[in-house]
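The values are calculated or read from the model by the stated rules, or taken from the named source; none is laboratory data. As the structure is a prediction and not an experimental result, all values here were calculated from the model. Backbone-built Cβ (ideal geometry, glycine too); neighbour counts: all protein chains shown. Calculation scope for accessible area: heavy atoms of the full protein, side chains included, ligands and nucleic acids excluded. Shrake-Rupley method; radii C 1.70, N 1.55, O 1.52, S 1.80 Å.
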Amino acid sequence: LHLPLLMPDVTKDHLVIGRNTMSSIFDERKGIFSGIVPHDPDFIRVSPMPVYGFDPLCDFKISPGFRKFLSSTDPRAIDARKSLPPAFLQAAKSDQGFLPLDPVSTIYLARKASQHDQVGTSLLTRVLYFWAIEKALLNAQMASTRRRSRSFVHMMAGIDNVWEPTPDELDALAGMVIQANEDPVGGVIATRTGVTINEPVGGGQDFYKWSDELDLFSKYKMQAIGISEALLSGDATYNNAEQARSVFVENLATLRFRICHKMFNQNLFPTLARLHGFVKRSKAEIDHNIRVNRTESRQ
């Protein structure tokens, strides 16, 4: 199953998307699970079950990418299809819309926000508002930077009732300012009376920059996913920092226990126990080194 590589991906989908749906592949000849087929959440229909303790009904639809994989004549795809059970391939090739997933081989992990939430709630929704504002500011800054990355110079020329500059004279004055700005050492501009050059106007520092709010957005997003400000800044006392770190580690341990318990103790291990006849022995059987066949005793 490649668990060291599988579990990080499962955890990421569990937190970001809010749910993870997989089908386990069982090798009947060896009596082991030989693989996992992850399902695209956009092609999974979830029907909640009103009874607590039962997973919701999951129906899947063949995605275009998976359908292309099933019809591919590439030797690599053919070799990968050999690991899939024939019943799954036969159902996947049909055009019946949504097909039911076998509850025995289906692993459904949902991040529940409440007892009635069976579909799963994405952790991304807690930071979605801050991410939307951050993205809007970033797009606005990029658009403003493309239009004007530096300030401009405002020049006034002319004397009332004495001199009214022509368009050619205004162009000549503007050209002198541009050439002076291009001089790497220092430019000199000589004008007649009636020409006023103002300071640069409308520079890039006048934009509402995304970088000014970066620290605030980072703080809110980290708090939304359960990481305290004291753990991020490190400005708190040793006692507060230790408490924040302990809570963070306990949250990770709880997440790990929930995913492992759901995936292994409730899905994979019971199937292996039934097929191989693994039975939990009582304390009396272990202490007295005996085994009681409960099937025969009931008969």
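Regarding F269, is this residue over 30 Å from M156 (Cα atoms) and either part of a loop (DSSP other than H, G, I, E, B) or at pLDDT 75 or above (or both)? Spelling it out, F269 is indeed over 30 Å from M156 (Cα atoms) and either part of a loop (DSSP other than H, G, I, E, B) or at pLDDT 75 or above (or both). Residue count for the range 19-38 under the criterion of being touching a residue at least 40 places away in the same chain (Cβ under 8 Å), under 21 Å from the mean Cα position of the chain (by Cα) and closer than 11 Å to Y108 by Cα: the result is 4. Taking first residues from the range 210-231 that are under 18 Å from A113 (Cα atoms) and partners that are at pLDDT 70 or above and open to solvent by 70 Å² or more (accessible area, probe 1.4 Å), the Cβ contacts under 6 Å between residues at least 6 apart in sequence or on separate chains come to A224/R126; G226/N251. Taking strands (runs of 3 or more DSSP E) as the structural unit, those lying wholly within the range 9-61 and holding at least 1 residues that are of a type in the set (S, T, Y) correspond to 19-27, 32-38, 44-47. Taking the numbered list (1) of a type in the set (D, E); (2) under 26 Å from K135 (Cα atoms); (3) modelled with pLDDT of 80 or more in turn, D168 passes all entries but (2).
One line per residue, one yes/no per condition, for (1) open to solvent by 50 Å² or more (accessible area, probe 1.4 Å); (2) farther than 16 Å from D13 by Cα; (3) aromatic (F, W, Y); (4) at pLDDT 80 or above:
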| residue | (1), (2), (3), (4) |
| --- | --- |
| L89 | no, yes, no, no |
| A92 | no, yes, no, no |
| G97 | no, yes, no, no |
| P100 | yes, yes, no, yes |
| P103 | yes, yes, no, yes |
| A110 | no, no, no, yes |
| G120 | no, no, no, yes |
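Restricting the range 59-87 to residues that are at pLDDT 80 or above and touching a strand residue (DSSP E or B) at 6+ places or on another chain (Cβ under 6 Å) leaves a set whose member that is surrounded by the fewest Cβ atoms within 10 Å (Cβ to Cβ) is D59. The residues listed here are I44, I25; of these, the one that is buried (at least 16 other Cβ atoms within 10 Å of the Cβ), touching a strand residue (DSSP E or B) at 6+ places or on another chain (Cβ under 6 Å) and modelled with pLDDT under 85 is I25. Taken together, H39, H14 contain a single residue that is in contact with a Ser or Thr (Cβ under 9 Å, 6 or more places away or on another chain) and surrounded by 15 or more Cβ atoms within 10 Å (Cβ to Cβ), which is H39. Could you tell me whether any residue of the range 272-279 is surrounded by 14 or more Cβ atoms within 10 Å (Cβ to Cβ), more than 26 Å from the chain's Cα centre (by Cα) and modelled with pLDDT of 80 or more? The answer is yes; a qualifying residue exists.
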